[in-house]
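Report on the following structure.
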Amino acid sequence: MHRVLETTSRMDSERLCAGGTAHRKHDVNRNGALKPVKNYIHSRYRRKRYLKVKRCLDAAAALVGLIMLSPVFLFAALGIRLSSKGPILFRAERMGKGGVPFTMYKFRTMEEAEQRKRRQPQKRAGGRITSADDPRVFPFGRFLRKTKIDELPQLVNILKGDMAVIGPRPEDVSIVRKHYTKRQMYTLALLPGLSSPGSLFYYAYGETLLKGDDAERLYIRRLLPVKLEMDLNYVRRVSLLYDAEMILRTVAVITAQMCGVKRFRYPAEYRNMRG
């Protein structure tokens, strides 16, 4: 697992994030300036027809998912209620398409602040990034996070039009405003997604590397640039076929994780980024 940190060294992170040398030839105009966001996505996929078809498919998939997965929703709600005091849902502010914040829904997997303070008064409040050994996560919540059941309420976000099934994963608003480069802002050109190449990479490799009180700094310096570069690859290649491929890959990786698989082959987006 630590190969990720070794291969994604500080030099790699700076190369991916810094201006000028980080821009590939299809990201800049002849004068070296960044292309506008509207030109960053391949022209044939900017057509209204594609966006309408994708939106209809996303809404239909979300509606079917909510109906078919209703027993899972009930199971998660009962488990949270019996495991920890507090609300069933967690509402998080995330940055959406075009830089417009929205409220993203998740099943709550962490104890409420007052409950944590009573149990562990010596522990300081955690950061915005959840580490692999984060004491704020209660046992049933850890199961929800591992299986990604905690993300299922975002089907409601998809129905509302805040998100898509596949798209660049939405990030904390403050992280976007403080740490995104101009180039990385291109990930906001599309609706954020329930899954993406970057979030799948993070699930398969990155989560277990974030341990201790330094998780947020490590995430921002080492893992965030890699996630965003992979999601930029999605923005450049966006298509319905790519979306279908990502859905299958997401199901395969989650299933493999549940079956105890620990090592995964690096995805094509990561290999392209390294090349």
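A short reminder: the numbers here are calculations on the coordinates, not readings from a lab. In this text the structure is predicted, and so the values were computed from the model without any measurement. All Cβ positions, even for glycine, are placed from backbone atoms using ideal geometry, and neighbour counts span all protein chains on display.
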If you count, for each residue, the other Cβ atoms within 10 Å and average over each peptide, how do 86-97, 254-265 line up from highest to lowest? 86-97, 254-265
Between TYR266 and GLU112, what's the calculated FRET efficiency when r is the beta-carbon distance and R0 is 30 Å? Round to 0.05. 0.20
I need the calculated FRET efficiency for the pair LYS85 and ASP213, taking r as the beta carbon distance and R₀ as 30 Å, to the nearest 0.05. 0.75
Taking the highest mean first, how do the peptides 57-64, 138-145, 159-166, 186-193 order by number of other beta carbon atoms within 10 angstrom per residue? 186-193, 159-166, 138-145, 57-64
Using 7 Å Cα-to-Cβ label points, what is the ARG177/ILE67 separation (nm, one decimal)? 4.1
Estimated FRET transfer efficiency when R0 is 35 angstrom, pair ARG237-PHE75 (beta carbons, to 0.05): 0.45
How much net charge surrounds LEU224 when only the other residues with a Cβ under 12 Å from the Cβ of LEU224 are counted, with Lys and Arg +1 and Asp and Glu -1? +2
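Can you sort LYS227, LYS85 by how many other beta carbons sit within 10 Å, fewest first?
On the way: LYS227 23, LYS85 10.
Arranged by neighbour count, lowest to highest, LYS227, LYS85 become LYS85, LYS227.
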Of LYS85/LYS182; LYS48/LYS182; LYS160/LYS182; LYS48/LYS146; LYS182/LYS262, which pairs sit farther than 32 Å apart, going by alpha carbon to alpha carbon? LYS85/LYS182; LYS48/LYS146; LYS182/LYS262
Taking a ≥ b ≥ c as the square roots of the eigenvalues of the Cα gyration tensor, with a/c under 1.5 meaning rounded and otherwise prolate when a/b exceeds b/c and oblate if not, the range 125-182 is oblate
Could you give the distance between the Cα centres of the range 55-82 and the range 177-228, to the whole Å? 26
